[in-house]
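Input: a single structure, listed below in structure tokens.
The values are calculated or read from the model by the stated rules, or taken from the named source; none is laboratory data. What you are looking at is a predicted structure, and each value in this text was computed from that prediction instead of being measured. Cβ placement follows ideal geometry from the backbone for every residue including glycine, while neighbour counts extend to all protein chains displayed. Only protein heavy atoms, including side chains, enter the accessible area calculation; ligands, DNA and RNA are left aside. Shrake-Rupley method; radii C 1.70, N 1.55, O 1.52, S 1.80 Å.
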Amino acid sequence: MFARLVAMSLVGLVPATMSAVPLASQVPAGLVPQATPPIPPTSDAEVLDYANDAASRMTIPVNIGGQGPFNFVVDTGAERTVIAKDLAQQLGLGAGRMARVHSMTEVSDIGTFVIPAIEIGGKMSKEVQAPGLDRRNLGAAGMLGVDMLAAQRVSFDFKRQKMTVVPSQRREEHWDGDAIVVRGRSRFGQLVLVDAAVEGEKVWVIIDTGAQVSIGNSMLRARLERKHKLPQTQPIRLLSVTGGHTEADWTQIKVIRLGGLTINNLPIAFADVHPFRKLDLMDRPAILLGMDALKLFDRVSVDFANREVRLLAPGRSDSRIDLRLAVQERRRRAV
């Protein structure tokens, strides 16, 4: 689910040695370990180079009706694929049905364009009805949603800047290093992780590659305030794909646990954005984990059909943002 920060001053919130918001939580140079072996080629795997857009989100080349490539953002938090209206008009795409779009800030009924064929690597989908949105809000030519990824396992290799798409039923390749598997459940069609905690508070986690920043709900904020574990916040504004804005309070959280991994000092914005309502998560602590957190890992694999996420921690840590293995399973306290 797309969210971008509108530029504002956040002086003093992060160490001066780190880059300015919104990219404060990208991996510092000291975190980069030795190169990992390349992914072995397989007959049913598509390995794609990806780039980063201005909001530090992943974009991959997509062909539409034999034309392209066009850079689409990969958004694991979005229900459906969308296209920039100017690109749809440039390609002469026909109008489709009206569609309901759930963005970070609102629900909107938006006209669609019929994409006759959309190709990602060697995989093609036909007759896709994609809502048309303004490019200035999308920040890209389009977005690939869960509708394109539901039966797939998508792996992101952040060190090599590669994205691999394979059918979920295929056995996953071996990862060198300490990879952690976090299992989840399907909630209204969205993959949600439940083996997670923020400062000891159990949370529901949505992996959202379309969000520039990580976002927590008011229930999580209240729990942290009650424990006196919420640092001072600063106001920011979030922008959605439909052009809506929402105010949020931004801070750094000391400890977040995902399965057997912990992230220290991760920036989080607090706001009751629409996805929490849609997934019926307003009454329990929840967080949308955005690209600022995911890029701390060397590799991330999201398997929608098997409802699990695999995470590979970097080989070294840094005192400013520390991603490390948590204590052994037998010593971990249930939260």
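One residue alone among ARG100, ARG160 is not in a strand (DSSP E or B) and not aliphatic (A, V, I, L, M), and that residue is ARG160. Quick one: is ASP75 of a type in the set (Asp, Glu), open to solvent by 30 Å² or more (accessible area, probe 1.4 Å) and under 21 Å from VAL273 (Cβ atoms)? Taking the combined requirement at face value, the residue does not satisfy it.
Inside segment 128-141, residues that are open to solvent by 30 Å² or more (accessible area, probe 1.4 Å) and not in a loop (DSSP other than H, G, I, E, B) make up a count of 3. Within segment 116-132, one or more residues are without any contact (Cβ under 8 Å) to a residue 12 or more places away in the chain and hydrophobic (A, V, I, L, M, F, W, C).
For segment 189-223, a residue qualifies if it is open to solvent by 20 Å² or more (accessible area, probe 1.4 Å) and more than 18 Å from the chain's Cα centre (by Cα), and the qualifying residues are GLU199, GLY200, GLU201, LYS202, SER218, MET219, ARG221, ALA222, ARG223.
I'd like to know if segment 285-301 contains one or more residues that are under 13 Å from LEU191 (Cα atoms), open to solvent by 10 Å² or more (accessible area, probe 1.4 Å) and either touching a Leu at 6+ places or on another chain (Cβ under 6 Å) or small (Gly, Ala, Ser) (or both). Checked against the condition, which is being under 13 Å from LEU191 (Cα atoms), open to solvent by 10 Å² or more (accessible area, probe 1.4 Å) and either touching a Leu at 6+ places or on another chain (Cβ under 6 Å) or small (Gly, Ala, Ser) (or both), segment 285-301 yields no hits at all. The condition of being within 19 Å of LEU281 (Cβ to Cβ) and at pLDDT 85 or above holds for only one of VAL194, VAL146, VAL128, that being VAL194. When the criteria are applied in full, GLY243 meets the requirement of being under 23 Å from ILE83 (Cα atoms), in contact (Cβ under 8 Å) with a residue 24 or more places away in the chain, in contact with a helix residue (DSSP H, G or I) (Cβ under 6 Å, 6 or more places away or on another chain) and surrounded by fewer than 16 Cβ atoms within 10 Å (Cβ to Cβ). Of the residues in segment 153-162, at least one is within 25 Å of ARG57 (Cβ to Cβ), out of contact with any Asp or Glu (no Cβ under 7 Å at 6 or more places or on another chain), of a type outside the set (Val, Ile, Thr) and surrounded by fewer than 19 Cβ atoms within 10 Å (Cβ to Cβ).
Counting only residues that are within 22 Å of VAL241 (Cβ to Cβ) and open to solvent by 20 Å² or more (accessible area, probe 1.4 Å), segment 142-151 holds 3 of them. Within segment 248-260, does at least one residue satisfy the condition of being closer than 22 Å to PHE188 by Cβ, surrounded by fewer than 22 Cβ atoms within 10 Å (Cβ to Cβ) and not basic (Lys, Arg)? Checked segment 248-260: no residue is closer than 22 Å to PHE188 by Cβ, surrounded by fewer than 22 Cβ atoms within 10 Å (Cβ to Cβ) and not basic (Lys, Arg). With respect to (1) in a strand (DSSP E or B); (2) open to solvent by 30 Å² or more (accessible area, probe 1.4 Å); (3) not acidic (Asp, Glu), the lone exception for THR59 is condition (2).
Of the candidates SER125, SER186, SER108, the single residue that is in a strand (DSSP E or B), open to solvent by 50 Å² or more (accessible area, probe 1.4 Å) and among the small types (Gly, Ala, Ser) is SER186. Among residues of segment 224-238 that are open to solvent by less than 40 Å² (accessible area, probe 1.4 Å), those with a Cβ under 6 angstrom from a residue that is acidic (Asp, Glu) and part of a loop (DSSP other than H, G, I, E, B), sequence gap 6+ or separate chain, pair up as LEU224/GLU199.
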